[in-house]
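**Student:** Below is the structure I would like to discuss, written out as structure tokens.
Just so you know, all these numbers are worked out from the coordinates, no wet-lab data involved. Just so you know, these numbers come straight off a predicted model, no measurement behind them. Glycine also receives a Cβ, built like all others from the backbone with ideal geometry; neighbour counts cover every protein chain displayed.
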Amino acid sequence: MIAFLKLIRIQNLLIIAFTQYAVRWCIVYPIIKLNSTYYTLQLSEINFFLLVLSTVMIAAAGYIINDYFDVRIDKVNKPERMLIDKGVKRRVAIGAHTVINVLALLIAFYVSYSISSWRLTLIHFICAGGLWFYSTTFKRQFFVGNLVIALFTALVPIIAVVYDMIPIYRAYLPIEESLSFKSVWEYTLALSFFAFLTTLLREMIKDIEDVDGDEEFGCKTMPIVLGIRTTKNIAIFIAFVTIICLVYVEMQFLKMGDTVSLIYFIVALQLPLLFLIYKIKIAQEKKQFRFAGNFSKFIMLMGILYLLVFAYPILHNYLNAI
């Protein structure tokens, strides 16, 4: 059981679940209440839980199939952390992947059908299929695998908002023809873009860490094609782009007089990104790149936790008003 939980990256799945719940309760709910106390969430708690469960299950199946097809590479890159053939048998892994994916798609269909938008299931189907092809093909190609994973990570908060907002529009749009909730989409897309950039950065660092095994088995990842030094420079460039984007947001905080958010961005996001740039710059050994990759995940988590800072004053004022 412990080996299986490690195989599905239980800690990453918890972060995915937390992200979608944070988007629901720290972006969607506060903003619709800010517009009017009359508005409220329309997707039931059980259906939202099932939506999160479906997303988490597809991610879990993706982790399983990735390790399944990476057995030989992992024997070179990380033999001490291998799980397939050691803690989990191959036939169990492929069977679990199939069952989990099928159940996830059925759950997604049920939730999308319950809000009369069954075509939304295609998002989950594309993600499940994309993770399969990532494991078999994309991750061995130049940049394609990095881009696919970054895009799927960026989809996590968007999925939560799409499923929540469709029932809201159907409930209130006939009453309020000008209904838009534009800020919901703006904040969600900003979070998704941050997730995209930091995931892309982390995937490049991971490719450098795994360069020995990838090269031995004919992969064409960025550090193999362009070299480790160039890949490091590209990763550093992406980190700088992320910092510049944060500076733009901080300027908006200054205009609004939001000192708390400004301090949070500087301390929890900007300074760690500068530290990460330094660690990437000096990294030479596998363990140094592993630390940089893990630290980039920490920065992603701090970005998600900002949603609590964002939502607190809105909900506090709303509760005081009622």
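**Student:** So between PHE237 and LYS78, what do we pick up on full extension, going 0.36 nm a residue minus the alpha carbon distance?
**Tutor:** This chain segment gains 54.5 nm when fully extended.
**Student:** Right, something else. So how do 155-164, 212-221 stack up, highest first, on mean other-Cβ count within 10 Å?
**Tutor:** Highest-to-lowest ranking by the protection proxy: 155-164, 212-221.
**Student:** So how tilted is helix 271-282 from the main axis of the chain? Cα-based, degrees 0 to 90, rounded to 10.
**Tutor:** 10 degrees
**Student:** Pick out, from ILE123, PRO174, GLN252, the residue whose Cα sits farthest towards the positive end of the charge dipole of the chain, with +1 on the Cβ of Lys and Arg and -1 on the Cβ of Asp and Glu.
**Tutor:** Looking along the dipole axis, the top candidate is ILE123.
**Student:** Let me ask something else. Just to be sure I follow: if Rg is taken over the C-alpha atoms of segment 205-322 and Rh is the Kirkwood radius over the same atoms, what is Rg/Rh?
**Tutor:** Rg divided by Rh gives 1.14.
**Student:** Along segment 15-23, what does the Karplus equation 6.51 cos²θ - 1.76 cosθ + 1.60 (θ = phi - 60°) give for ³J(HN,Hα), rounded to whole Hz, x for Gly and Pro?
**Tutor:** Coupling constants for segment 15-23: 5, 4, 4, 4, 4, 5, 5, 5, 5 Hz.
**Student:** A further question on this structure: Ordered by packing density, taken as the mean number of other Cβ atoms within 10 Å over each peptide's residues, highest first, how do 191-204, 242-255 rank?
**Tutor:** Highest mean packing first, the order is 191-204, 242-255.
**Student:** Hey, another quick one. Hey, if you drop one equal point scatterer on each alpha-carbon of the chain and run the Debye formula without solvent, what base-10 log of I(q)/I(0) do you get at q = 0.08, 0.10, 0.12 Å⁻¹?
**Tutor:** The Cα Debye sum returns log10 ratios of -0.40, -0.63, -0.89.
**Student:** If you don't mind, there's one more thing I want to ask. Mark the label point 7 Å from the Cα of LEU301 along Cα→Cβ and return the residues of segment 1-45 whose backbone N is within less than 14 Å of it.
**Tutor:** 10-19
**Student:** Please state, to two decimals, what the Cα-based radius of gyration of segment 154-258 comes to when divided by 2.2 N^0.38 Å (N = residues).
**Tutor:** Normalised Rg, Cα atoms only: 1.54.
**Student:** Here is a further query. For segment 43-152, would you read off the P(r) tail past 19 Å as a percentage of all alpha carbon pairs?
**Tutor:** Above the 19 Å cut-off, segment 43-152 has 50 percent of its Cα pairs.
**Student:** Could you give each residue of segment 305-314 its phi-based ³J(HN,Hα) in whole Hz, using Karplus coefficients 6.51, -1.76, 1.60 with θ = phi - 60°, and x for Gly or Pro?
**Tutor:** Coupling constants for segment 305-314: 5, 4, 4, 5, 5, 5, 7, 4, x, 5 Hz.
**Student:** Where is the GNM fluctuation largest for the chain (alpha-carbon springs, 10 angstrom cutoff): ARG290, ARG81, ARG24?
**Tutor:** ARG81
**Student:** How tilted is helix 90-114 with respect to the longest principal axis of the chain? Cα atoms for both, answer in degrees (0 to 90, nearest 10).
**Tutor:** 20 degrees
**Student:** Could you give each residue of segment 118-134 its phi-based ³J(HN,Hα) in whole Hz, using Karplus coefficients 6.51, -1.76, 1.60 with θ = phi - 60°, and x for Gly or Pro?
**Tutor:** Running phi through 6.51 cos²θ - 1.76 cosθ + 1.60 with θ = phi - 60° gives 4, 5, 4, 4, 4, 4, 5, 5, 5, 5, 4, x, x, 5, 5, 5, 4 Hz.
**Student:** Nearest 20 debye, what's the magnitude of the dipole of the chain about its Cα centre given +1 on Lys and Arg Cβ and -1 on Asp and Glu Cβ?
**Tutor:** The dipole magnitude comes to about 680 debye.
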